Amino acid sequence: MAIREIIILPDKQLRLVSKPIEKVTPEIRKLADDMFETMYDAPGIGLAAIQVAQPLRLITMDLAKKNDEGEVDSKPRVFINPEIISSSEETSVYEEGCLSIPEYYEEVERPAKVRIRFIDLDGKLHEENAEGIYATCIQHEIDHLNGVLFVDYLSKLKRDRVLKKFTKAAKRTEE
Ligand code: GNR
Ligand code: NI
């Protein structure tokens, strides 16, 4: 396994539409392994392949949280070619962050529940209902596959302010 570099705003690759995966090859498995290592190291609860500069429809996720005994209840998940089949009318608001927009957090309103379809690393098809942080996270990650970032849901004023901050920071490090 290896930690890969996470690309950050204003990297234009974040705006690419990722390509469907036709076959789960050893390279795809290696990419998923590396994405888990990168995600846990960050740390983050989800990661889309484009965040490590691979424009493929692959997502890793682990919504690990401490249980009543204080032990970490970890559940690594892989989503290949995920799709949202339906979304609830009801919405919920979560404070979101993104590893590609470090140290910036804002509230985003999204459908509270979604039904998703995806394949796993064994090529097996799944359909699941997601709610709570799972629903928010899978929508955030599927957005990445379509070149969409959570700041796109904010007011133009807020979005422009974040973009400017990251563009300036990128200029400073290239000098
Ligand atoms: O680690 C992450 N936390 C998070 C919190 C609220 C909503 C979405 C997320 S995903 C984010 C990691 C990331 O950038 N995934 O693309
Ligand atoms: Ni993100």
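Any read-out appearing in this document is the output of simple, stated calculations on the displayed coordinates, not a laboratory observation. Note that this is a predicted model, so its numbers are computed, not measured. Virtual Cβ from ideal backbone geometry, glycine too; neighbours counted across all protein chains shown.
What the table below lists for this structure:
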item	result
Assigned charges on the beta-carbon of Lys, Arg, Asp, Glu; the chain dipole about Cα centre (debye)	840
Taking the range 8-163 and dividing mean pair separation by its residue count, relative contact order in percent (alpha carbons under 8 Å, at least six apart)	24
Restricting the range 80-175 to trypsin sites (Lys or Arg not before Pro) in coil, as DSSP defines it, with at most 11 other Cβ within 10 Å	124
If the convex hull is drawn through the Cα atoms of the range 26-74, its volume per residue in Å³	69
Mean projected area in nm² (Cα convex hull; one quarter of hull surface) for the chain	11.2
Cα-projected label distance for residue 1 with residue 131, points at 7 Å along beta-carbon direction, nm	3.2
Antiparallel DSSP beta bridges within the chain, percent to nearest 5	95
Cα-only radius of gyration and Dmax that characterise the range 1-45, units Å	12.1, 31
Computed [θ] at 222 nm, deg cm²/dmol, the chain (DSSP H ≥ 4; -39,500 (n - 2.57); rounded to nearest 500)	-9000 deg cm²/dmol
Flagged links, alpha-carbon separation over 19 Å, of 12/165; 19/156; 19/168; 12/113	19/156; 19/168; 12/113
Ranked by how many other beta carbons lie within 10 Å on average, peptides 67-73, 49-55 from highest	49-55, 67-73
